[in-house]
Amino acid sequence: MKVQTPRLLTRRTLATAAMSVAVLAMTACGGGSTESATGESAAPTNLAEGGSTTLTMWVDAERAPALENIAASFEEDTGIAIDLAVKDFAAVRDDFITQVPTGNGPDLIVGPHDWIGTFVENGVVAPIELGDKASEFQESAIQAMSYEGNLYGVPYAIENIALLRNADLVPEPVGTFDEVVKNGEAAVEAGEAEFPFLVGLDPKQADPYHMYPFQTSMGVPVFAQNEDGSYDASKLLLGEPNGVEFAKKLVEWGDAGSGILNSNITGDIAKEKFNAGESPYFLTGPWNVGAAQEAGINVAVDPLPTVGDQPAQPFIGVNGYFISAQSSNALAANEFVVNYLTTEEAQDAMFEVGGRPPALTASFEKAASDPIVEAFGEIGANGVPMPSVPEMQAVWADWGSTQLALIKGSAKPEEAWPAMVKNIEQKISAG
Amino acid sequence: MPTTELTRTPTRKQPRTLRPSDSLAGLLAKIILLGLVDAFAVYVLIVLFLQEKWAVLVLAAGVTLLINWIYLRRGGLPAKYLAPGVFFLLIFQVFVMVFSGYVAFTNYGDGHNSTKEDAIAAIQSAAQQRVPDSPAYRVTILEQDNEFHFLATDPDGGVSIGSAEEPLEEVSNAATDGTGKATGLDGYRTLQFNEVLANQADILALSVPFSDDPDDGTLKTSDGSTAYVFSPTLEYDEAADTFTDTETGTTYADSGQGTFVSEDGEELSTGWKIDVGFANFAKAFTDENIRGPLLEVTLWTFTFALVSVLSTFALGLFLANAFNLPNLRGKKIYRILMILPYAFPAFLAGLVWSGLLNPEFGYVNNTFFGGANIPWLTDPLLAKFSVLLVNLWLGFPYMFLVCTGALQSLPEDVNEAARMDGAGPWKIFTSIKLPLLLVSVAPLLIASFAFNFNNFNVIYMLTDGGPRLPDTTVNVGATDILITLVYEVAFGSGVGRDYGLASALSIVIFFIVAAISIISFRQTKALEEIH
């Protein structure tokens, strides 16, 4: 027990000195960061002595207020305060990875499930055992939070894209993308709209995430999935023969073809145009629904239109809570995550602040009284988790820039798509 | 030097008395400041002591003693002035550089993030998997003779007790609460939640054998109230330093690359940081991904830095000259307007300009070019031009400031003399003002070159290096400069971030910039000699 030695020593020698206050604070914080080497305990004379009284949780500014109530009730029950440290979302993943090994990282962090692969690779996250509680969550959420046979996070929200429709321009939902385009073009011809269809594309990287349902509908997933739903990163499926067919579609829809996809339309522009009523369709997520309704658009949420003969599966992103592998307060952290953050109350609170469908089935059913949440939930049930394997990081850049080149008509599908697959395979094997 | 002053007797007249005498306030300030520094140092030393970081502790103690010695002794005035600066230089510059230098010789990055012990602990923790379909036990933590026990209630209400040494054994005389959960046993003390917390490291490490057969797994808890039967999928053999798969028998041995690898090359997920010598530098010069586009990127980096410096300097100088006219009205307002772009964060400007330059919806095309579809950021040549233009917009205010200051400090009589000799304004500018100006501005131009050489923000936010070059496997574009190439190679295109390679490449860039700066500074000395 490394912990005990300095604590006893300081108590004896510095008890009356003014600095002993600081010392005790130190032992309290630093106490558990030195892990116990064995299961044996060194004469616990007073069992209640020591132990941390604070859990630190890294959270972004938007979610922090929603967690305050549940943190307060945890403190009331256990005497342990939750310090909700607000961090910049863009940097929080990398900060967590670099700080956990130093012992200065937080006990808990909030984030999306696709961080897990990198977290595990870096040994910074601890497995969580939910036990029977796992069955109270939606299956896809638990599946997304699992990695190599372990559960690493407690999910609270699921998000995925859907097709938003301006019901004033097009009253009825349709099933295929061809029909969507036809309706859209009819609205444009009638002078009711300016764009037949909108999706936000990054002018530098296009947007494979939003294009993914079209791609899966043509039978071109990124990686093969194992029986349990996890991804097999050694089997890249982008190169399936249908990949080139999908690439041809991108050219057909792009600048060289019908112009349905326009790489000049960024996410912000697409949102602005849809909210101004200038398009009947907008392929996006629940995060843009509120603003559209406020702008007076009669929003309907349609299932994702199919291009090929298979279902159009979007990526689903699952947000959740993770426990640091080096938390000095792991038992309290587990208690909080497993027994408090899984409650309906906690999941409801997160829904109210984010508007994303809750991962807990009971909370979801309550939230689904809103038809928009229900529709997104149904579409998500059909989706596949965004791969959390570290290999996915090698996919994005080439995937995006190739799609962009195809949409702009500056690349030939028969050459660009296989070249992209070869590049990605090389990067993965070199990784 | 308050101590000297106070202890000096009036009769000891020395030349030092010519210095302004120190006051009591000065002495107090010194005591308070030094006291604060020492208090902080003691605090740091205690922290280091508790964390058992002996090398840093000795270093910190040495530095503290040195600081006290410098300020408490008599004399040594230069040291008193220099000490704070040197101290911060060491911490914020030298340490950072030495640390990046060190990282360049390791494989630090995703997958190699911490020590081997951490990696082994992480693999072991991930390997503990719940036995499928095993029940959840409600547990109470008991203590007897300083040893912890689980009092486990199974879903059917059966109660058993066990510890690290004794496998689970059924008991019948346990006290239970209203839900049927066993809460206590004669001869044992039940731990309260705060006691459980205080001893959580031991309780989390406690694994109670399910039966005499180790294959049945062990009971473990992670929250102190529920326990499950776990059995490891991998077992670590400390003597051999290998992991063995309990199901297939595959062994994973230390590969020497900071990972555990099986014979067929399968790696365990978590690796650790090791020293790799010059491997990163070797990779920097041999990796196809870097070598391929390197020439093009290097050429463009020099062009970008040079043109940026010259264009911003030319525009800044021109405007400074124009707004330096003595009889110009509203000079102050103009000058403030000129400086505005300087107050704009570069990364924000990059984003705003990338919106303004959108071919179809951008302000520039719609307003100035009548809605023409000019691909400012997506055509390779135009993108280069746009990057330079935005950097000119961002950079000229600095040059304007510098030149205005330098112009105002030029002696007016030289101008007058030149005018008397019949020189026109252009002649005065090129033969008198510019050479005089360059003496003071040239070092700043060199600094500006070094800055633009590594001007990451503008490139990253405006074009992200794009449009991508055809025929390269690495994600490199027409406007990528060396530093964005480093970023792309080290963080953007592989299966994870590679701090080691990034540091090695940064060091290479550092040497390029340092060499250019040294040569240029030599040249400016020649300039001063002319003057």
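Where a number appears in this text, it was derived from the coordinates with a stated rule and is not lab data. Given the structure is predicted, the values throughout are model-derived calculations rather than measurements. In this analysis, Cβ positions are derived from the backbone assuming ideal geometry, glycine residues included, and neighbour counts consider all displayed protein chains.
Let me have the 222 nm mean residue ellipticity of the protein assembly as shown computed from DSSP H runs of 4+ only, each contributing -39500 (n - 2.57), with the sum over all residues rounded to the nearest 500. Helix-only estimate at 222 nm: -14500 deg cm²/dmol. Between helix A:64-78 and chain A there is an angle of about 30 degrees, using the helix long axis and the longest principal axis of the Cα atoms.
For chain A, the longest principal axis of the Cα atoms and the long axis of helix A:344-354 meet at an angle of about 50 degrees. Taking the fewest neighbouring Cβ atoms within 10 Å as the starting point, the ordered list for A:Leu237, B:Leu36 is B:Leu36, A:Leu237.
Here the Karplus relation 6.51 cos²θ - 1.76 cosθ + 1.60, evaluated at θ = phi - 60°, turns the backbone of the stretch B:104-114 into coupling constants of 4, 9, 10, 9, 3, x, 4, x, 9, 9, 8 Hz, with x for every Gly and Pro.
The charge dipole of chain B, taken about the Cα centre with unit charges on the Cβ atoms of Lys, Arg (+1) and Asp, Glu (-1), comes to about 6080 debye, rounded to the nearest 20.
Taking Cα centre as origin and charging only the Cβ of basic (Lys, Arg, +1) and acidic (Asp, Glu, -1) residues, the dipole magnitude of chain A rounds to 1480 debye. Model label sites at B:Asp177 and B:Val37, defined 7 Å from Cα along the beta-carbon direction, differ in position by 5.7 nm.
Karplus-based coupling profile of the stretch A:325-338, in residue order and whole Hz: 5, 10, 4, 7, 9, 4, 5, 5, 5, 5, 4, 5, 6, 7, with θ = phi - 60° in 6.51 cos²θ - 1.76 cosθ + 1.60 and x standing for Gly or Pro. Projecting the alpha carbon convex hull of the stretch B:143-244 along each direction and taking the average yields 7.7 nm².
Taking the inverse of the mean 1/r over every pair of distinct Cα atoms in the stretch B:216-319 gives a Kirkwood hydrodynamic radius of 19.6 Å. Computed over the stretch B:163-240, relative contact order equals 25 percent, with contacts defined as Cα pairs under 8 Å that lie 6+ residues apart.
Our analysis of chain A gives Rg over Rh at 1.05, with the two radii drawn from alpha carbon positions and Rh computed by the Kirkwood formula. Which translational diffusion coefficient, to the nearest whole µm²/s, is obtained for the stretch B:406-531 from the Stokes-Einstein equation, given a Kirkwood hydrodynamic radius over C-alpha pairs, 25 °C and 0.890 mPa s? Answer from the Stokes-Einstein relation: 137 µm²/s.
Here the stretch A:176-318 is treated as a Stokes sphere of Kirkwood radius computed over C-alpha pairs; at 4 °C and 1.567 mPa s its diffusion coefficient rounds to 80 µm²/s.
Within chain B, all pairs of alpha-carbon atoms sorted by distance into 20 Å bins from zero give the percentages 14, 29, 32, 19, 5, 0.
Taking a ≥ b ≥ c as the square roots of the eigenvalues of the Cα gyration tensor of the stretch A:306-431, is the shape rounded (a/c under 1.5), prolate (a/b larger than b/c) or oblate? In terms of gyration-tensor shape, oblate. Put the Cα centre of the stretch B:445-482 next to the Cα centre of the stretch B:305-377 and the gap is 20 Å. Computed across the protein assembly as shown, the Kirkwood radius stands at 32.8 Å (inverse of mean 1/r, all Cα pairs).
Residues A:Met350, B:Met338 in ascending order of nearby Cβ atoms (within 10 Å, fewest first): B:Met338, A:Met350. Under a GNM of chain A (C-alpha, springs under 10 Å), which listed residue has the highest mean-square fluctuation: A:Asn339, A:Asn275, A:Asn319? Maximum fluctuation in the GNM of chain A, among the listed residues, is at A:Asn339.
Distant-in-sequence amide contacts of A:Thr176, defined by a placed amide H-H separation under 5 Å and a gap of 5 or more residues or a different chain, comprise A:Thr306. Pairs of alpha-carbon atoms within less than 8 angstrom and 6+ residues apart define the contacts here; what relative contact order does chain B have, in percent? Value for chain B: 14 percent. Among B:Lys384, B:Lys220, A:Lys235, the order by Cβ neighbours within 10 angstrom, fewest to most, reads A:Lys235, B:Lys384, B:Lys220. Binning all Cα-Cα separations of the stretch B:61-101 at 5 Å, short to long from zero, yields these whole-percent fractions: 5, 23, 24, 21, 14, 9, 4, 1. 3J(HN,Hα) couplings calculated from phi for the stretch A:291-300 with the Karplus curve 6.51 cos²θ - 1.76 cosθ + 1.60 (θ = phi - 60°) are, in sequence order, 5, 5, 5, 4, 6, x, 7, 7, 7, 10 Hz; Gly and Pro show x.
What angle, in degrees between 0 and 90 and rounded to the nearest 10, separates the Cα long axis of helix A:242-253 from the longest principal axis of the Cα atoms of chain A? It works out to around 60 degrees. Sparse packing (at most 16 other Cβ atoms within 10 Å of the Cβ) combined with a DSSP loop state is found for the following GluC sites (Glu not before Pro) in the stretch B:85-177: B:Glu165. Using C-alpha pairs under 8 Å with a sequence gap of at least 6, the mean separation divided by the residue count of the stretch B:426-499 gives a relative contact order of 20 percent.
Taking a span of 20 Å or more along the helix axis (Cα atoms) and a mean Kyte-Doolittle hydropathy of at least 1.6 as the rule, the DSSP H helices of chain B that qualify are B:24-50, B:54-72, B:434-453.
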